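Colleague: Got a structure for you, written out below as structure tokens; questions coming shortly.
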Amino acid sequence: MDRAILRFAVQVLDSLHDGVVAVDREGYVIYANEANTRITGLTRDQVVGRHVSDVVPTSHILDVLATRKPLVGVRTRVFDHVVVSNIVPVYDRGRMVGAVSVFRDITEVLALSRQLDEALSTIDLLRENLTAVPVVEDGLIIGQSPAAQRMYLTARKAATVDSPVLIEGESGTGKEVIARLIHNRSARKDQPFIAVNCAAIPATLLESELFGYEEGAFTGSRKGGRPGLFQLADGGTLFLDEIGDMDLGLQAKLLRALQSGEIRRVGGTTVQKVNVRIISATNQNLAQLVREKRFREDLYYRLRVIHLVLPPLRERRADLPLFLDHAVRRVCERLGRPPARFTPAALRALMAYPFPGNIRELENVVEQAVVLAEGDVIDVGDLPPDVVGAGPQAAARGERGLDEWLGLTDPRQFPTLEEVERRVLEAGLRAFDSKAALARHLGLSRATLYRKLARYGLG
């Protein structure tokens, strides 16, 4: 009976996934199960009968024999493996007769843990990168073009400091929107954002507009004087739009205010300290104006600490569907209209048009189309004639626009078939009311379309 029980106990121990090693009170191994062989690579014959220190010199079993106290969760390196052991002394009628170690190989677990940590780090990095460049923020379409993403990331960094920012870009590219984004993400976001168009105010009045004036400074001046925009923007941001049109004499006074942080009202004798962050913008080439002596070089470098260049819409063809979709949703919401969509023909015409007026022109074109459209479908006939064009010239322009949209014009960044297919599917989902209609237009079965959409994560 005792032999049967002992044989059964050995069978149980040999079936365990964890390793089991037993030693006598002198530290000689008297038993090792099959899992010990799997973990350590040592057979029973290589282990049993030998002193544990000769088998695994780093073993903690001898510590348990010496202290007669159990050790739980101790980590030991056994050759190329790392094991965690629970070691307890064994007693017979109150006398310690040995010790037993039950251990688990955690080498694979540690490797998986490292892989998991690396994967989580990668996910965090991807999440950071993805959230770093949103599609829309503060009314600004960021898009996916490299130039636009670089511009946005620079603007976000500019928001963390108070350095002057110079924004250059064609009319209608959204320079004030970028300026407001920088302000709204900065520590000054709860303070005023004051904008002034330097080209819209005569040079004789712009000085008093910026610095204010004292009573009696000139004919028609208000009683008690008036604070200027520098004072009104104190603690916040002053946005100087069309800075390239500022008179040279006033440029010198602006430079002095920026250098000293002090302003003096027109007709006044006292100076006042102001704390203003300057963001300026222009649709001109300021560097060229400096070379032509039409803009002060010292002021140019004072304003151009951080430089942003907004790309025109014609250089952002890949982002055009985003702009159109965003604009049509905003216009429909503002006019109280149901959401509208473009027909494929209308979308092709819009993709072919260069939009010389950039985002401002695009928004006006979309608003006109929404107003003229019958129902919630915008067709070619709802677009302005200059957008639609006529004859072979317009067709050729359409082909060029389509090539640019698909990224086929630059051999250095030529897309793969998968990238083209994904872009077509994304545009199709925006253009058609249903996936069934899109499948019919593309000549696909619905099952094939759904399979392709799932492949690209378009749902």
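The values are calculated or read from the model by the stated rules, or taken from the named source; none is laboratory data. Every value quoted in this text rests on a predicted model; they were computed, and no experiment measured them. Note that each Cβ is placed from the backbone with ideal geometry, even for glycine, and that neighbours are counted across all protein chains shown.
Colleague: Taking the stretch 313-356, which residues are among the charged types (D, E, K, R), farther than 19 Å from Leu425 by Cβ and in a helix (DSSP H, G or I)? First the steps, then the outcome.
Modeller: Of the residues in the stretch 313-356, the ones among the charged types (D, E, K, R) are 314-317, 319, 325, 329-330, 333-334, 337, 341, 348.
Next cut, farther than 19 Å from Leu425 by Cβ only: 314-316, 329-330, 333-334, 337.
Across the stretch 313-356, the qualifying residues are Arg314, Glu315, Arg329, Arg330, Glu333, Arg334.
Colleague: Criterion first (in a strand (DSSP E or B) and out of contact with any Cys (no Cβ under 9 Å at 6 or more places or on another chain)) does Phe230 satisfy it? If you could, list the steps in order and put the result at the bottom.
Modeller: Details: in a strand (DSSP E or B): no; out of contact with any Cys (no Cβ under 9 Å at 6 or more places or on another chain): yes.
Taking the combined requirement at face value, the residue does not satisfy it.
Colleague: Quick test for you: out of Leu181, Leu289, Leu205, Leu258, pick the one residue that is in contact with a Gly (Cβ under 7 Å, 6 or more places away or on another chain) and assigned to a helix (DSSP H, G or I). Spell out the reasoning first.
Modeller: Working: Leu181 fails: in contact with a Gly (Cβ under 7 Å, 6 or more places away or on another chain); Leu205 fails: in contact with a Gly (Cβ under 7 Å, 6 or more places away or on another chain); Leu258 fails: in contact with a Gly (Cβ under 7 Å, 6 or more places away or on another chain).
So the residue among Leu181, Leu289, Leu205, Leu258 that is in contact with a Gly (Cβ under 7 Å, 6 or more places away or on another chain) and assigned to a helix (DSSP H, G or I) is Leu289.
Colleague: Follow-up question, since we're still on this one. Could you check, for the stretch 283-302, whether at least one of its residues is closer than 19 Å to Tyr152 by Cβ and in the same structural domain as Gly236 (by TED's automatic domain parsing)? It would help to see each step written out before you state the result.
Modeller: As a first pass, look at the stretch 283-302 and keep what is closer than 19 Å to Tyr152 by Cβ: none.
So far as the stretch 283-302 goes, no, none of its residues is closer than 19 Å to Tyr152 by Cβ and in the same structural domain as Gly236 (by TED's automatic domain parsing).
Colleague: Go through Ala394, Ala349, Ala345 for me and flag whichever is closer than 13 Å to Leu324 by Cα, modelled with pLDDT under 90 and more than 30 Å from the chain's Cα centre (by Cα).
Modeller: The unique qualifying residue is Ala349.
Colleague: For Val366, are the conditions met, namely being touching an Asp or Glu at 6+ places or on another chain (Cβ under 9 Å) and either under 13 Å from Val331 (Cβ atoms) or modelled with pLDDT of 90 or more (or both)? Walk me through how you get there before you give the answer.
Modeller: Values: touching an Asp or Glu at 6+ places or on another chain (Cβ under 9 Å): no; either under 13 Å from Val331 (Cβ atoms) or modelled with pLDDT of 90 or more (or both): yes.
Against the criterion (touching an Asp or Glu at 6+ places or on another chain (Cβ under 9 Å) and either under 13 Å from Val331 (Cβ atoms) or modelled with pLDDT of 90 or more (or both)), Val366 does not qualify.
Colleague: Follow-up. Where in the stretch 4-123 are the strands (runs of 3 or more DSSP E), entirely inside, with at least 3 residues that are at pLDDT below 90, within 51 Å of the chain's Cα centre (by Cα) and not hydrophobic (A, V, I, L, M, F, W, C)? Spell out the reasoning first.
Modeller: Working: elements: 19-24, 29-32, 71-78, 81-92, 95-105.
Answer list for the stretch 4-123: 71-78.
Colleague: Pairs, please: C-beta under 7 Å, at least 6 apart or cross-chain, first residue closer than 15 Å to Ile30 by Cα and in the stretch 1-15, second surrounded by 10 or more Cβ atoms within 10 Å (Cβ to Cβ) and modelled with pLDDT of 80 or more?
Modeller: Leu13/Val20; Leu13/Asn33; Asp14/Asn33; Asp14/Glu34
Colleague: May I ask you to list the residues in the stretch 262-318 that are on the phi > 0 side of the Ramachandran plot and surrounded by 13 or more Cβ atoms within 10 Å (Cβ to Cβ)? Lay out the reasoning, then the answer.
Modeller: Taking the stretch 262-318 and keeping what is on the phi > 0 side of the Ramachandran plot, we get 267, 293.
Matches in the stretch 262-318: Gly267 only.
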